[in-house]
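Scroll down for the structure; my scribbles are underneath it.
The values are calculated or read from the model by the stated rules, or taken from the named source; none is laboratory data. Here the structure is a predicted model, which means the values were calculated and not measured. Cβ placement follows ideal geometry from the backbone for every residue including glycine, while neighbour counts extend to all protein chains displayed. When the accessible area is computed, the model is the full protein with side chains, heavy atoms only, and any ligands, DNA or RNA have been set aside. Shrake-Rupley method; radii C 1.70, N 1.55, O 1.52, S 1.80 Å.
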Amino acid sequence: MVRHDGVMPELPEVESVRRQLDVRLRGRLVRAVTVDPQARFGAVEKVTGHRIQGVGRRGKYLLAPLDGGLELVMHLGMTGSFRFRDADRWHPDAYVRATFELDDSVMDFRDVRRFGRLTVVTAGDYSGIATLDRLGPEPLSHDFDPAAFHRDLARSRMAVKPALLTQRLVAGVGNIYADEALWRARINPRARRLSRVRTDRLWQAIREVLAEAIEREGTTFRDYRMVNGQPGRNGDFLIAYGQAGRPCPRDGTPLRRIVLGGRGTTYCPRCQR
Ligand SMILES: [Zn+2]
């Protein structure tokens, strides 16, 4: 189990939640919504009386369009999770921030740390959600173009790891998968002005580490659970993230932890250049 303060679900974790939510929510009618008055959610009650068409994803955002031209945008923050229960069974819980009464069950949004967000927008209009509005391309789609990635990375003038974490070059890569992809591509997290060859290697590594983590239903850390309450299995496969002091599998050098852009970063000082 990887322990680290400030860990957030990244693309593979959110995708695992999306797949389970889609099965439960597609075609369901929202009969009523109750929101914790202290949660600063955007007009979530508006979905009452509307039918959910499905659950999609952009980066770390879950997107549920409804009939009537509305869209429920959900972000797990650090500790957000969804649970389903029967309507006649009530489990009091101080961390439930919103409850959706559906035509076949009840869905609770639970969030201990309160960084999660629920917002209702006009379908496809994300202008009120800046991070989502400016989100870079989906890494596993054809929109993630290696030439554009090289150009945007050079333009950012930032060290490569903090540049990845902005979400503007590519969507959904956070601290865990940035460390993993940089190790796989043999690139120092502080490197700047990467050559096209090195950027291509990173482009490939990002796609590989994310696709493999989705296969394993994400990495489990303290608060992340899927809709069915199960942990993901990717934690056993992490090579760089959270592994400081362990030998690099390529050359045996102890992995080193530094703080870069305010985030803990683990890399191999020998083979990551
Ligand atoms: Zn190494």
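Taking the conditions exactly as written (within 16 Å of the ligand (Cβ to nearest atom), farther than 30 Å from ALA147 by Cβ and touching a Lys or Arg at 6+ places or on another chain (Cβ under 9 Å)), does GLY229 satisfy them or not?
no
Residue check: is PRO137 assigned to a loop (DSSP other than H, G, I, E, B) and either of a type outside the set (D, E, K, R) or touching a residue at least 40 places away in the same chain (Cβ under 8 Å) (or both)?
Working: assigned to a loop (DSSP other than H, G, I, E, B): yes; either of a type outside the set (D, E, K, R) or touching a residue at least 40 places away in the same chain (Cβ under 8 Å) (or both): yes.
Yes: the conditions hold for PRO137.
In segment 165-199, what count of residues is obtained for those that are farther than 11 Å from LEU153 by Cβ, touching a residue at least 40 places away in the same chain (Cβ under 8 Å) and open to solvent by 50 Å² or more (accessible area, probe 1.4 Å)? Selection size over segment 165-199: 3.
Within segment 244-273, residues that are assigned to a loop (DSSP other than H, G, I, E, B) reach partners that are more than 10 Å from the ligand (Cβ to nearest atom) and polar (S, T, N, Q) with beta carbons closer than 7 Å, at six or more positions or on different chains, in the pairs ALA244/THR266; LEU255/GLN243; LEU255/THR266; GLN272/ASN188; ARG273/ASN188. Within segment 242-262, the only residue that satisfies the criterion of being in contact with a helix residue (DSSP H, G or I) (Cβ under 7 Å, 6 or more places away or on another chain) and at pLDDT below 95 is GLY261. Checking each residue in segment 251-272 for being out of contact with any Pro (no Cβ under 7 Å at 6 or more places or on another chain), within 8 Å of the ligand (Cβ to nearest atom) and polar (S, T, N, Q) picks out only GLN272.
Can you list the strands (runs of 3 or more DSSP E) lying wholly within segment 1-84 that have 1 or more residues being open to solvent by 10 Å² or more (accessible area, probe 1.4 Å), under 22 Å from ARG216 (Cα atoms) and in contact with a strand residue (DSSP E or B) (Cβ under 9 Å, 6 or more places away or on another chain)? Show your work before the answer.
Working: elements: 30-35, 56-58, 61-66, 70-75.
In segment 1-84, 56-58, 61-66, 70-75 are the strands (runs of 3 or more DSSP E) which contain 1 or more residues that are open to solvent by 10 Å² or more (accessible area, probe 1.4 Å), under 22 Å from ARG216 (Cα atoms) and in contact with a strand residue (DSSP E or B) (Cβ under 9 Å, 6 or more places away or on another chain).
Among the conditions (1) on the phi > 0 side of the Ramachandran plot; (2) touching a helix residue (DSSP H, G or I) at 6+ places or on another chain (Cβ under 7 Å); (3) modelled with pLDDT of 95 or more, the only one that THR265 does not satisfy is (1). Residue selection: PHE109 satisfies the criterion of being out of contact with any helix residue (DSSP H, G or I) (no Cβ under 6 Å at 6 or more places or on another chain) and assigned to a strand (DSSP E or B). Kindly evaluate LEU164 against the criterion of being within 13 Å of the ligand (Cβ to nearest atom) and within 20 Å of the chain's Cα centre (by Cα). Answer is no for this residue. The set of residues in segment 183-208 that are under 18 Å from the mean Cα position of the chain (by Cα) and either of a type in the set (Asp, Glu) or within 16 Å of the ligand (Cβ to nearest atom) (or both) comprises ALA205, GLU208.
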